[in-house]
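Chemist: Could you have a look at this structure, given as structure tokens, before my questions?
The values are calculated or read from the model by the stated rules, or taken from the named source; none is laboratory data. Worth saying up front: this structure is predicted, and the values here are computed from it rather than measured. Here Cβ is always computed from backbone atoms with ideal geometry, including for glycine, and neighbour counts include all displayed protein chains. Side chains included, ligands, DNA and RNA excluded: accessible areas come from the protein's heavy atoms. Shrake-Rupley method; radii C 1.70, N 1.55, O 1.52, S 1.80 Å.
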Amino acid sequence: MSEILDVWIGKSIDCACGLRHEVLIRRIVIERDALAQVKVSLSVIRENAMVEVAADEEAIVQVMLDTPLSSKVLLAVGAGTVHDIVRFVAHRTKRPFLSEPTAPSVDGFASVGAPLIVRGFKQTIPACAPEAIFADLAVLAKAPQAMIAAGLGDMLGKHTSLADWSLGRVLLGEHYCELSARLTLEAVELHGSVGRDRAAHRSRLAPVDGRPDPIGPFHALGRPLAAGLRG
């Protein structure tokens, strides 16, 4: 699997679509005890009034206040929401960040966009990709089944998101990159043979400078559907 990812890690290419694509991630480690050699201090994101962790203004301010000025790098340990918060804070404080997913619940760990709740409305804010991803297989295997099913929904959603992107090209003149689309589709096909977390990472390596996050409406529908079908 490493040879599949290594082809793209840290690379820049002049694509046939007319844009120059860059994959800024320097390293992805997917193995047991993937983060054993990294030393960190801890900031636990608190639940809000709805008794949930949300990527909103309150959580962003908490992480910024908890981060010592001497910190050189931020580490996101958790699922998608934690990564969205840390991704945004790292970008705005001009620090690199590392990723340790604890559940294969989304396909966005390698993404450059941070979906945040701002003044009660969710929007994707341009941020940064992690410098490295450390995905511990033993940890991922213990994730709740509902979160694993949600990750399946994200991967299945690539089919409709690619169709949505194609429609955008035809109807609205959106820029379309054949390479990004092909790599995204290959990631979906890899899902069944190498595991959803590896495939998810590759799916987000693909749309670097094409359409930023080809999620599509399935993101809102597919994950609950997959969760309902998991049992």
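Chemist: Collect the residues in the stretch 160-180 that are within 18 Å of S111 (Cα to Cα), in a helix (DSSP H, G or I) and out of contact with any helix residue (DSSP H, G or I) (no Cβ under 6 Å at 6 or more places or on another chain), keeping them in residue-number order.
Modeler: Hits for the stretch 160-180 are S161, W165, L179, S180.
Chemist: Sticking with this one: Which ones in the stretch 94-112 are touching a Cys at 6+ places or on another chain (Cβ under 9 Å) and either within 26 Å of A138 (Cβ to Cβ) or not in a loop (DSSP other than H, G, I, E, B) (or both)?
Modeler: P96, F97
Chemist: From the list L152, L167, which residue is over 22 Å from R20 (Cα atoms) and either modelled with pLDDT of 85 or more or touching a strand residue (DSSP E or B) at 6+ places or on another chain (Cβ under 9 Å) (or both)? Before you say what the answer is, go through the steps one by one.
Modeler: Working: L152 fails: either modelled with pLDDT of 85 or more or touching a strand residue (DSSP E or B) at 6+ places or on another chain (Cβ under 9 Å) (or both).
Checking each option against the conditions leaves just L167.
Chemist: Looking only at the stretch 49-101, how many residues end up being in contact with a helix residue (DSSP H, G or I) (Cβ under 6 Å, 6 or more places away or on another chain) and over 24 Å from I25 (Cα atoms)?
Modeler: 2
Chemist: Run H91 past the list (1) assigned to a loop (DSSP other than H, G, I, E, B); (2) modelled with pLDDT of 90 or more; (3) open to solvent by less than 80 Å² (accessible area, probe 1.4 Å) and report the number of the one that doesn't hold.
Modeler: Answer for H91: the failing condition is (1).
Chemist: Just one of the numbered conditions (1) farther than 22 Å from T102 by Cβ; (2) open to solvent by 100 Å² or more (accessible area, probe 1.4 Å); (3) part of a helix (DSSP H, G or I); (4) not small (G, A, S) is not true of L69; which one?
Modeler: L69 satisfies all of (1) farther than 22 Å from T102 by Cβ; (2) open to solvent by 100 Å² or more (accessible area, probe 1.4 Å); (3) part of a helix (DSSP H, G or I); (4) not small (G, A, S) except (3).
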